[in-house]
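Everything below concerns the one structure shown next.
Laboratory data are not the source of any read-out in this text; all were calculated from the coordinates shown. Here the structure is a predicted model, which means the values were calculated and not measured. Glycine gets a Cβ as well: all are built from the backbone with ideal geometry, and neighbour counts include every protein chain shown.
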There are 2 protein chains.
Amino acid sequence: MEHARYKKEKVVLDTSIFVNPDVRADFGDTPTEAIESFISIAADIPALEFYMPPSIFQELLNFVDEKKISGDFLTLIRQKPPKKHELSTPAFLLYELIEDLRERINKGLRAAEKAVRNVSKGDEKEVIQTLRRNYREALREGIIDSKEDVDLILLAFELDALLVTIDHGAIKWAEKLGVRWLLPNRFKDYLVSYRKRCAAEVSELEES
Amino acid sequence: MEHARYKKEKVVLDTSIFVNPDVRADFGDTPTEAIESFISIAADIPALEFYMPPSIFQELLNFVDEKKISGDFLTLIRQKPPKKHELSTPAFLLYELIEDLRERINKGLRAAEKAVRNVSKGDEKEVIQTLRRNYREALREGIIDSKEDVDLILLAFELDALLVTIDHGAIKWAEKLGVRWLLPNRFKDYLVSYRKRCAAEVSELEES
C-alpha cells in the first residue's frame, strides 16, 4: 500500500543521463552500465515516478542494445507520449519562437554568403565543413528542432514534472512554460537525497 | 440603435487589399485610392466590424502617407492587438511548426552548399543572388516569419473573425486553427453582397 505521507513526484528523463559521457559519469562508463546503476537507486524511491516519451526511448535504443534493457527499466520508466491534441500552450510562445527564428534565418544566410566568398581563398571541402558548422550553430543550437524535443518538454508540462535534460533548447522552453528542470550532472545527488528521505520516513512510520 | 436582426460579423484585414497591386485592383490604382474606395463601401455595412493589428497598420504606413488616411478609416478599422498573454494555441501546432522548420533548415543548407560548389563555375555576385533567392524560398516562403503575421492570425483567432489575407503562411495557420479566411481578390464582391443584404434587411424593417 502506498503511503499518503509523501506526495508522488514526477520526473521526465531525457536520454542524456544515460548516453552523454559528460553527464553520465556519475552513473556508469557505458549507457548499459548507467541504466543498471540508475535502476539500482531509483527502485528504492517509491516517491518518484519516472517518465520518458516513447520517441525519446527510441533514441536511447540507438545507444543501447534493446535486449540488454531489463524489465525493471520498463516498469520503472513509464513511456508516455504527451496529450498533444488536448494540451494548449500560451500564444506568446509563438512570438518568441518566430522572432528567434527570424534572427537565426538571417544568421544562416550570412554564414552561407561568407562561405561563397571564401571559396576562392580556400579549399572547397574545408569551406563546406566550416559552413555546415556555422549554419548548424546559427539554426540548430539552443533551439528545439525535433518532435522528440517537443515530446519531452510537453510531457513535463502536462505532468507538472521535473525535466532532467542537458538540451539548451528544452531548458529555454521549460523556462517559458514554467516547467522545473535539473541538469543531469546533479541528478544522482538528487536521487540519493530522495532515497534518504524516503528511508527516513519509512522508519519513522515503523516506529510509530 | 443597433438592430439585433443581423449578427455582427468581424473581419481582420491584412495590408494586401490596399497595397498588393495584384489583388488591390478591385479597389483602386494606388493604396490611397484603394483605402478611399474601401471606406465608401464599408461605411454602408453596419453589420461588419473591421479590425487590424496596430503592427499591420504600421506596415500600411510604409505605403501610404499617414496624413492622407482619413479619420473615417480610423473609426472604420479598429486597431487591436491580440491578447497574446491570455490566448492559448493547441500544442500540436508546435509539432507541425518544428517539423516544417526542420525540413526547411535542411533545404537552406543544401542551397548554401550548392552555391559554394557553383562559385568556380560562375560569377560570385550572380551565385550569391541565386543563393539568396533559393534560401528565401526554402526558409521564408509559406511560413509565418514575423511578429506582424502572428498578430494577424492570433487576432482573427481571438475574435473568431474572417481573415482577409493573401499570405500563404497566415492561411496555413488559419487552416490549423480553424480560422475562416478569404483571398483579397474576392473581398470586394464579399463587401458588395453584404451591403446588399444589409440594405434589404433595413428596408424590410422599415416596411414592417
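According to the Kirkwood expression over distinct Cα-Cα pairs, how big is the hydrodynamic radius of the protein assembly as shown, in Å?
It is 25.6 Å.
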Quick one: the Cα spread of segment B:104-208 along its three principal axes, in angstroms, biggest first? 81, 25, 17
Placing +1 at every Lys and Arg Cβ and -1 at every Asp and Glu Cβ, with all other atoms neutral, what dipole size does chain B have around its Cα centre, in debye to the nearest 20? 800 debye
Output, in nm with one decimal and in ascending order, the distances from the B:Glu207 label point to the matching label points of the other copies (7 Å from Cα along Cα-to-Cβ). 9.3
Out of A:Asp149, A:Asp123, A:Asp26, a Gaussian network model of chain A with alpha-carbon springs under 10 Å gives the largest mean-square fluctuation to A:Asp123
23 Å Cα-Cα reach of B:Lys114 towards lysines, excluding residues that sit fewer than 8 places from it in its own chain: A:Lys107, A:Lys114, A:Lys121, A:Lys125, B:Lys125
Going through the DSSP H helices of chain A, which span 15 Å or more along their own axis at the Cα atoms while scoring at least -0.5 as a mean Kyte-Doolittle hydropathy? A:31-42, A:92-118, A:147-159
Which of A:Ala174, A:Ala138, A:Leu152, positive extreme of dipole for segment A:109-181 (C-beta unit charges): A:Ala138
Within a Gaussian network of chain A (alpha carbon springs, distance under 10 Å), most fluctuating of A:Asp145, A:Asp167, A:Asp65: A:Asp65
Segment A:101-208: chymotrypsin sites (Phe, Trp or Tyr not before Pro) in DSSP loop, at most 14 other beta carbons within 10 Å: none
Measure off 7 Å from each Cα along the Cα-to-Cβ vector at A:Phe63 and A:Asp160, then give the distance between these two points in nanometres to one decimal. 3.1 nm
Of the residues B:Ile105, B:Tyr95, B:Val119, the Cα lying farthest along the dipole of segment B:92-140 towards its positive end, which is defined by charges on the beta carbon of Lys, Arg, Asp and Glu, belongs to B:Val119
Most mobile of A:Ala174, A:Ala34, A:Ala115 in a GNM of chain A (Cα contacts under 10 Å): A:Ala115
Segment B:1-127: C-alpha gyration tensor shape, a/c 1.5 cut-off, then a/b vs b/c: oblate
Sum up the charges of everything whose Cβ sits under 9 Å from the Cβ of B:Leu109, counting Lys and Arg as +1 and Asp and Glu as -1, but leave B:Leu109 out. +3
Count charges around B:Phe27 for me, please; just the other residues with Cβ under 14 Å from its Cβ, Lys/Arg as +1, Asp/Glu as -1. -4
For the protein assembly as shown, what does -39500 (n - 2.57) per DSSP helix run (n ≥ 4), summed and divided by total residues, give at 222 nm, in deg cm²/dmol to the nearest 500? -18000 deg cm²/dmol
Set of lysines near A:Lys8 by C-alpha distance (under 23 Å), chain-local residues within fewer than 8 positions excluded: A:Lys80, A:Lys83, A:Lys188, A:Lys196
If the only charges are +1 at each Lys and Arg Cβ and -1 at each Asp and Glu Cβ, what is the size of the charge dipole of the protein assembly as shown around the Cα centre, to the nearest 20 debye? 860 debye
I'd like the FRET efficiency for B:Ile41 and B:Lys107, computed as 1/(1 + (r/R0)^6) with the beta carbon distance as r and R0 of 30 Å, rounded to 0.05. 0.10
Mind listing P(r) for segment A:92-140? All alpha-carbon pairs, 10 Å bins, whole percents. 28, 41, 20, 9, 2
Loop-only check: which GluC sites (Glu not before Pro) in segment A:69-146 are DSSP coil with at most 15 other Cβ within 10 angstrom? A:Glu86, A:Glu141
Can you give the FRET efficiency to the nearest 0.05 for A:Lys196 and A:Ala25, using r as the Cβ-Cβ distance and R₀ = 22 Å? 0.55
